[in-house]
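Below is one structure, written out as structure tokens; comments come after it.
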Amino acid sequence: ENINRQTLPLVLLLDNIRSPFNTGSIIRTAEALGVKTIILSGITPNPDKNNKVKKAAKNVNINIEIVESTIKCIKKYKDKNYKIYGIEKTSNSKNIKEQQILFPSMLISGNEEFGISKEVLDECEDIFHIPMFGNKNSLNVSVATGIILFEISKKLML
């Protein structure tokens, strides 16, 4: 039960996540870290229609919205004065550990193979990456989203 569930002033937009297991894992982590709402767009599987998502999410209870247009959704939240942040390693992305996060905010995670589209990245006020020290310079989308969510929630807990 979520009687005492605390939420952050944060929504999470999953844009074109293709794996039901990644989607479910992100939903579970987001609920545990206090995300207020999860928005699913593009090909991201819906837990109401995909048992693999439900199983990976462990049937957590969190507000989930389904949208047809990622860009329209972002613009709607911008109109509500949300700050829009993306998770992606780009030439101008910033280390999440060094950033101040403004709230309310929307965090966007993108496709496992292709990341967040340029069109969606152009709508972001900032793009964050995770510093890495190994030879591999990428993480699974559910792991990366969990790390970023933890860094954001940690900033609010201080």
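The values are calculated or read from the model by the stated rules, or taken from the named source; none is laboratory data. If you're wondering where the values come from, they're calculated on a predicted model, not measured in any experiment. We place every Cβ from the backbone using ideal geometry, glycine too, and count neighbours over all the protein chains shown. All accessible areas refer to the heavy atoms of the entire protein, side chains included, with ligands and DNA or RNA removed. Shrake-Rupley method; radii C 1.70, N 1.55, O 1.52, S 1.80 Å.
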Subset of region 120-136 (residues that are charged (D, E, K, R), part of a loop (DSSP other than H, G, I, E, B) and modelled with pLDDT of 95 or more): D122, E123, E125
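Quick one: which of L139, L107, L149 is closer than 24 Å to G24 by Cα and in a helix (DSSP H, G or I)? Working first, answer last.
Values: L139 fails: in a helix (DSSP H, G or I); L107 fails: in a helix (DSSP H, G or I).
Going through L139, L107, L149 in turn, the sole match is L149.
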Residue check for I17: among the hydrophobic types (A, V, I, L, M, F, W, C) and farther than 23 Å from L102 by Cβ: yes
Top-ranked residue in region 77-135 [being polar (S, T, N, Q) and closer than 17 Å to T44 by Cβ; ranked as surrounded by the most Cβ atoms within 10 Å (Cβ to Cβ)]: S109
Only listed residue being modelled with pLDDT under 95 and among the hydroxyl-bearing types (S, T, Y), chosen from S91, S105: S91
Members of region 5-32 that are of a type in the set (A, V, I, L, M), out of contact with any Pro (no Cβ under 7 Å at 6 or more places or on another chain) and either assigned to a helix (DSSP H, G or I) or at pLDDT below 95 (or both): L8, I26, A30, A32
Pairs where the first residue, in region 7-20, is without any contact (Cβ under 8 Å) to a residue 40 or more places away in the chain and the second is assigned to a strand (DSSP E or B), C-beta under 9 Å, 6+ apart: T7/T37; T7/N63
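For region 44-61, enumerate the residues that are free of Cβ contacts under 8 Å to residues at least 40 places away in the same chain and open to solvent by 20 Å² or more (accessible area, probe 1.4 Å).
Narrowing region 44-61 to residues free of Cβ contacts under 8 Å to residues at least 40 places away in the same chain: 44-60.
Hits for region 44-61 are N46, D48, K49, N50, N51, K52, K54, K55, A56, K58, N59, V60.
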Region 38-69, subset outside any strand (DSSP E or B) and in contact with a Leu (Cβ under 7 Å, 6 or more places away or on another chain), residue farthest from L14 (Cα to Cα): N46
